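S.K.: My structure is below; once you've seen it, I'll send some questions.
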């Protein structure tokens, strides 16, 4: 089992190296990149926005139920804003994209693999990495920071509605604490995590598609594996990124 895991990581590393070479030397297909931005970014907005809004709302409600025991209700806004930017916004968005975008990419490329369309690309002297993987990676790097921003913003807006309107907390105190504890450091952490999660989703999903075999059954397995492996790697990477980024950007530091 350990050897299989190490071998799998090696395959991901080789694909990542191939994509890096493609980014440096390969042909950039702007039409495909724009199409993928629309597919990954625009069409993912509804699920990301709804998830972000209700994540912020439920986090606010739960925090206020606990803070009310200590008379610290005004800290709820600060807790939600920092949590949505540093953790929940990037992670929830990454998991949603792993399910929606990752599975779709694995299914599309896997279908091309089992129907020998990828072999046809090679016959026509078209590099499959340049044509299939690189445009999706570049599109993801453009789309995921915007999606994380939307998710976090709607989570914070929902927190304001729940805290101020539903729980009746003073707006001035609520927003003062939120602004006092949130700065550019939190936004920077969100964007760094988003870039890493986006790379994970694309590399894992494309890898599962490119190695699909055994017809429709193989495509189905690859689609499921892409979603599961991407989600697991996002959660593992988030832990180590949290440790690393909190060393680089310690609490109380500010980029502003």
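The values are calculated or read from the model by the stated rules, or taken from the named source; none is laboratory data. Because the structure is a prediction, the values reported are computed rather than measured. Backbone-built Cβ (ideal geometry, glycine too); neighbour counts: all protein chains shown.
To keep it simple, each residue is scored yes or no on (1) touching a residue at least 40 places away in the same chain (Cβ under 8 Å); (2) assigned to a helix (DSSP H, G or I); (3) more than 30 Å from residue 165 (Cα to Cα); (4) in contact with a strand residue (DSSP E or B) (Cβ under 8 Å, 6 or more places away or on another chain).
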| position | (1), (2), (3), (4) |
| --- | --- |
| 77 | yes, yes, no, no |
| 100 | yes, yes, yes, no |
| 111 | yes, yes, yes, no |
| 122 | no, yes, yes, no |
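S.K.: Quick one: which of 146, 141, 95, 88 is surrounded by fewer than 24 Cβ atoms within 10 Å (Cβ to Cβ), touching a residue at least 40 places away in the same chain (Cβ under 8 Å), under 30 Å from residue 182 (Cβ atoms) and out of contact with any helix residue (DSSP H, G or I) (no Cβ under 7 Å at 6 or more places or on another chain)? Working first, answer last.
M.R.: Details: 141 fails: out of contact with any helix residue (DSSP H, G or I) (no Cβ under 7 Å at 6 or more places or on another chain); 95 fails: out of contact with any helix residue (DSSP H, G or I) (no Cβ under 7 Å at 6 or more places or on another chain); 88 fails: out of contact with any helix residue (DSSP H, G or I) (no Cβ under 7 Å at 6 or more places or on another chain).
Among 146, 141, 95, 88, only 146 is surrounded by fewer than 24 Cβ atoms within 10 Å (Cβ to Cβ), touching a residue at least 40 places away in the same chain (Cβ under 8 Å), under 30 Å from residue 182 (Cβ atoms) and out of contact with any helix residue (DSSP H, G or I) (no Cβ under 7 Å at 6 or more places or on another chain).
S.K.: Next question, about the same structure. Do you know which of the residues in segment 161-189 that are touching a helix residue (DSSP H, G or I) at 6+ places or on another chain (Cβ under 8 Å) and not in a helix (DSSP H, G or I) is farthest from residue 65 (Cα to Cα)?
M.R.: Out of the qualifying residues, it is 182.
S.K.: If you scan segment 48-59, which residues turn out to be farther than 13 Å from residue 163 by Cβ and crowded, with 20+ Cβ neighbours inside 10 Å?
M.R.: Pass one, segment 48-59, residues farther than 13 Å from residue 163 by Cβ: 48-55.
The answer is 48, 52, 53, 55.
S.K.: Part of a helix (DSSP H, G or I) and crowded, with 17+ Cβ neighbours inside 10 Å: which single residue out of 45, 66, 62, 36 fits that description?
M.R.: Values: 45 fails: crowded, with 17+ Cβ neighbours inside 10 Å; 66 fails: crowded, with 17+ Cβ neighbours inside 10 Å; 62 fails: crowded, with 17+ Cβ neighbours inside 10 Å.
Checking each option against the conditions leaves just 36.
S.K.: One residue is enough: does segment 219-240 have a residue meeting the conditions more than 23 Å from residue 105 (Cβ to Cβ) and at pLDDT 90 or above? First the steps, then the outcome.
M.R.: Quick first cut of segment 219-240, residues more than 23 Å from residue 105 (Cβ to Cβ) only: 239-240.
Next cut, at pLDDT 90 or above only: 239-240.
Yes, segment 219-240 contains a residue that is more than 23 Å from residue 105 (Cβ to Cβ) and at pLDDT 90 or above.
S.K.: Does segment 46-58 contain at least one residue that is closer than 15 Å to residue 137 by Cβ and in contact with a helix residue (DSSP H, G or I) (Cβ under 9 Å, 6 or more places away or on another chain)? First the steps, then the outcome.
M.R.: Going residue by residue through segment 46-58, those that are closer than 15 Å to residue 137 by Cβ are none.
No, because not a single residue in segment 46-58 is closer than 15 Å to residue 137 by Cβ and in contact with a helix residue (DSSP H, G or I) (Cβ under 9 Å, 6 or more places away or on another chain).
S.K.: Among the residues that make up segment 214-222, is at least one of them part of a helix (DSSP H, G or I) and under 21 Å from residue 16 (Cβ atoms)?
M.R.: Within segment 214-222 (the criterion being part of a helix (DSSP H, G or I) and under 21 Å from residue 16 (Cβ atoms)), the answer is yes, since at least one residue qualifies.
S.K.: Let me ask something additional. Quick test for you: out of 192, 187, 105, pick the one residue that is under 29 Å from residue 36 (Cα atoms), buried (at least 20 other Cβ atoms within 10 Å of the Cβ) and modelled with pLDDT of 90 or more.
M.R.: Numbers: 192 fails: buried (at least 20 other Cβ atoms within 10 Å of the Cβ); 187 fails: buried (at least 20 other Cβ atoms within 10 Å of the Cβ).
None of the other options fit; the residue is 105.
S.K.: Examine segment 214-228 for a residue that is in contact (Cβ under 8 Å) with a residue 24 or more places away in the chain, surrounded by fewer than 19 Cβ atoms within 10 Å (Cβ to Cβ), closer than 24 Å to residue 76 by Cα and out of contact with any strand residue (DSSP E or B) (no Cβ under 8 Å at 6 or more places or on another chain), and state whether such a residue exists.
M.R.: No, there is no match, as no residue in segment 214-228 is in contact (Cβ under 8 Å) with a residue 24 or more places away in the chain, surrounded by fewer than 19 Cβ atoms within 10 Å (Cβ to Cβ), closer than 24 Å to residue 76 by Cα and out of contact with any strand residue (DSSP E or B) (no Cβ under 8 Å at 6 or more places or on another chain).
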